[in-house]
1. Can you list the residues of the stretch A:111-129 whose accessible area drops by at least 20 Å² going from the chain on its own to the full set of protein chains, with a 1.4 Å probe?
2. Let me check I have the definition right: for the protein assembly as shown, take the eigenvalues of the Cα gyration tensor, multiply each by 5, take square roots. What are those semi-axes in whole Å, largest first?
3. Just report the Cα centroid separation between the stretch B:109-141 and the stretch B:88-104, whole Å.
4. Test of understanding: what is the full-extension gain from B:ARG43 to B:ARG97, defined as 0.36 nm times their sequence separation minus their Cα-Cα distance?
5. When ligands, DNA and RNA are left out and all protein chains stay put, how many square angstrom of accessible area per residue does the stretch A:3-131 have with a 1.4 Å probe?
6. Greater than 24 Å separation of Cα atoms is the criterion. Which listed pairs, A:LYS37/B:LYS68; A:LYS63/B:LYS98; A:LYS115/B:LYS98; A:LYS121/B:LYS98, meet it?
7. Between the helical axis of B:63-72 and the dominant principal axis of chain B, each derived from Cα atoms, what acute angle in degrees is found, rounded to the nearest 10?
8. Divide by every residue of the protein assembly as shown the summed helix terms, -39500 (n - 2.57) for each DSSP H run of at least 4, and state the resulting mean residue ellipticity at 222 nm, rounded to the nearest 500 deg cm²/dmol.
Amino acid sequence: MNVRLNLDTETVDQCELDAPLCLSRQTTVADALGQMKEANSATVLICKDEKVLGIFTERDALKLLATGASFDVPLEECMTPDPVILHAQDKVGKAIHLMVEGGYRRLPIVDDNGKPAGVIKMEAIMHYLVEHFPTVIHTLPPEPHQTTESREGA
Amino acid sequence: MIVCPYCASENIAGSDHCVGCGQPLDDTHLAPPSSPVEESLLRDRVSALSPPEPITVDASTPVGEVLKLIVDRRIGCVVVAEGKRPLGIFSERDALRKLNVSAPALSSHPVSEFMTPKPQTLVASAKIAFAVQRMDLGGYRHLPIVDREGDLVGIISARDILRHLTEAMDREG
């Protein structure tokens, strides 16, 4: 199997996507942080009429937590507007290149109508590699560190 | 001494399977890589990623300081260490999950309360494929790299691995 060929032909929607957590511009950061924790989601898409206006990630949250800024502000003041977005039919290779070169850890994915279909994160790419390539990854033992305390035998 | 082709554990001569990871100690049964990308996964070792030295903090460091450090240094995590021994990892994910809106109230608490303890580590001679598998199993974005004594020598990220793969893809043309 040719990895390059696969990454150039397989589309991002074949990876395991996270369900998009879509909130409005007026949602407060405090509310968003609570919902991110509850949904176990590192990404909020700020949407209006099913279109993506901005993105607010774990990283943006961290900056606010570190500076002790108020959480009682609307998301639109802290989001990154007009984020880089992938189309569901974009190739896995494109997602990898964007993550490496653009420094993104997660990218929103939209369908033909521009409606959010999910978020692809770096962990999903790693999982895709394990699922698809090469046999060696598959044949590795399922449990990390199957270590014996001491060598057996005389 | 036989060095495991997967995880680089040292095994006594004559062993069939690695004591570290349970894999067979020869990799001759593997299909030959069909492309430079496969080859880079199968053959290259973590050392090829040139793991940088991790930023470390003591277990008693207030978590508020650690948050500032992660933002200022533009990193995704710090390794909590005692001397050179890794005790845990504190990542931005830990910040969101465990501190969240309580961050200001908890900022003086020691980072050890919120870190993910006993991190998965690898030696620099482990295969990149092994690192990919470990990251996927644990859902980690970072793996501390240690020497044979377990002392911290570096750290690698999922992005480092993806970068390595894209370089192999570019070589493939």
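1. Buried on complex formation: A:MET122, A:GLU123, A:MET126, A:HIS127, A:LEU129.
2. Working: eigenvalues 254, 145, 40 Å².
Over the Cα atoms of the protein assembly as shown, the semi-axes work out to 36, 27, 14 Å.
3. Computed from Cα coordinates, the inter-centre distance equals 17 Å.
4. On the way: separation 54, 0.36 × 54 = 19.44 nm, distance 3.65 nm.
Contour length minus Cα-Cα distance gives 15.8 nm.
5. Details: 5600 Å² over 129 residues.
Accessible area per residue: 43 Å².
6. Values: A:LYS37/B:LYS68 21 Å; A:LYS63/B:LYS98 15 Å; A:LYS115/B:LYS98 31 Å; A:LYS121/B:LYS98 20 Å.
In this structure, A:LYS115/B:LYS98 lie more than 24 Å apart at Cα.
7. Value to nearest ten degrees: 60.
8. Numbers: 11 runs with 103 residues, N = 327.
So the helix-based figure for the protein assembly as shown works out to -9000 deg cm²/dmol.
The values are calculated or read from the model by the stated rules, or taken from the named source; none is laboratory data. The model shown is predicted, which means the values in this text are computed figures rather than measured ones. Reconstructed Cβ throughout: ideal geometry from the backbone, glycine too, with neighbour counts over all protein chains shown. Side chains included, ligands, DNA and RNA excluded: accessible areas come from the protein's heavy atoms. Shrake-Rupley method; radii C 1.70, N 1.55, O 1.52, S 1.80 Å.
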